[in-house]
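Q: Before we start, here is the structure in question, set down as structure tokens.
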């Protein structure tokens, strides 16, 4: 073989091995832990090998870089010697040979293969695992030397790849943008990642919009006062709303009414209600509800007073990122409704200005012009008329906003519509 043939051979060998090393390196670094886990679940033959290489990535990288360096060194030396025989040993010939070889290495063995490896790593990964096994075996002395040097200069700490919650959230958003996830799937994933950072107070129904019944009220009187029951679980109290003693099931009230046990009091149907602090993380709340086989819990503040009510439905809504609204409900966010009611009471006693612009931002977001005008259920846009003298506040649990009157009527009858809406039970 003549000098020209040897020159071409050295260049092709250098570029070929360098191309292989570059595409393997890019693909190896692009393989994600989740992809390897998916291969393991599918029982793929190379899954274990890929896991081993990703967990100890210094070993395959040392083999790849060693082979790449040898290819560049041998190729450049051989190509340079043959180029001198072909074009001479002048300065111009050396510069021309070096320039062409550098350009070829940069484009053919670096830019193109690394781009391909980064884009098509999923297709390359199975073959890559087999090829890397051969390269690591061939470069074993260099791999061992590299590992020894790495141990000397490293801190000795285990530096394994990890994925943070923020990265998972970003992946969910990216998956939605690329069409991998539906919008609802992405929302649920992001809500799941922030689930542990939320507390009970973030999702509870505030005390001021919780509707409860006095435990001594007879079933007959309750049926007469309430045309319908929108809520399946109704808290009951003894002296006041801070003395909630349990809850009753709507079905049991209707059953006893159908059995004509009109004089039976709610106390006879009362079930125990579990209490949870308002600072309790949502995962712990979920576990308690499941362990106690309950769907409702009483939320207490730091002083032991009633802060509100929380239900399993609240937890599910938080995970789904949407409000589950009954067909009879007109209010979705009970915390917004509680702010609206507070605004109306505060304006009545001149605690805050009626000018919306002067309100704090969190209150401004909860109030509407109709709320400031008065005369209707906050946020509903509907006035209270003769057919709605005792408006029910829509909540996930029903509740009386007023203390029990001296005459035993807990319905709030006799009060003006405005008082029935804005009374906070104090």
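Q: Which condition breaks for residue 55 when tested against (1) in contact (Cβ under 8 Å) with a residue 24 or more places away in the chain; (2) in contact with a helix residue (DSSP H, G or I) (Cβ under 9 Å, 6 or more places away or on another chain)?
A: Exception for residue 55: condition (2).
Q: Looking at this structure, is residue 195 more than 30 Å from residue 66 (Cα to Cα) and outside any loop (DSSP other than H, G, I, E, B)?
A: yes
Q: Restricting to the range 121-130, name every residue that is touching a residue at least 60 places away in the same chain (Cβ under 8 Å) and either in contact with a strand residue (DSSP E or B) (Cβ under 6 Å, 6 or more places away or on another chain) or surrounded by fewer than 17 Cβ atoms within 10 Å (Cβ to Cβ) (or both).
A: Those that are touching a residue at least 60 places away in the same chain (Cβ under 8 Å) and either in contact with a strand residue (DSSP E or B) (Cβ under 6 Å, 6 or more places away or on another chain) or surrounded by fewer than 17 Cβ atoms within 10 Å (Cβ to Cβ) (or both): 122, 126, 130.
Q: For a quick check of your reading: which helices (runs of 4 or more DSSP H) sit entirely within the range 214-325 and have at least 2 residues that are more than 30 Å from residue 191 (Cα to Cα) and touching a helix residue (DSSP H, G or I) at 6+ places or on another chain (Cβ under 6 Å)?
A: Result: 219-225, 250-258.
Q: Additional query: Given the conditions (1) at pLDDT 85 or above; (2) surrounded by fewer than 20 Cβ atoms within 10 Å (Cβ to Cβ); (3) touching a helix residue (DSSP H, G or I) at 6+ places or on another chain (Cβ under 7 Å), report the number of the one that residue 73 does not fulfil.
A: Going through (1) at pLDDT 85 or above; (2) surrounded by fewer than 20 Cβ atoms within 10 Å (Cβ to Cβ); (3) touching a helix residue (DSSP H, G or I) at 6+ places or on another chain (Cβ under 7 Å) one by one, residue 73 breaks only (3).
Q: In a helix (DSSP H, G or I) and farther than 15 Å from residue 21 by Cα: which single residue out of 73, 150, 115, 133 fits that description?
A: After ruling out the rest, the residue left standing is 150.
Q: Suppose the filter is within 20 Å of residue 197 (Cβ to Cβ), surrounded by fewer than 16 Cβ atoms within 10 Å (Cβ to Cβ) and touching a residue at least 40 places away in the same chain (Cβ under 8 Å); does residue 283 pass it? Explain how you work it out, then say what you get.
A: Numbers: within 20 Å of residue 197 (Cβ to Cβ): yes; surrounded by fewer than 16 Cβ atoms within 10 Å (Cβ to Cβ): yes; touching a residue at least 40 places away in the same chain (Cβ under 8 Å): yes.
In short, yes.
Q: Further, regarding this structure: Looking at the range 174-192 only, could you name the residues that are touching a helix residue (DSSP H, G or I) at 6+ places or on another chain (Cβ under 7 Å) and surrounded by 15 or more Cβ atoms within 10 Å (Cβ to Cβ)?
A: Passing the criteria: 175, 176, 181, 186, 188, 189, 190, 191, 192.
The values are calculated or read from the model by the stated rules, or taken from the named source; none is laboratory data. Just so it is clear, the structure is predicted and the values come from calculations on it, not from any experiment. Note that each Cβ is placed from the backbone with ideal geometry, even for glycine, and that neighbours are counted across all protein chains shown.
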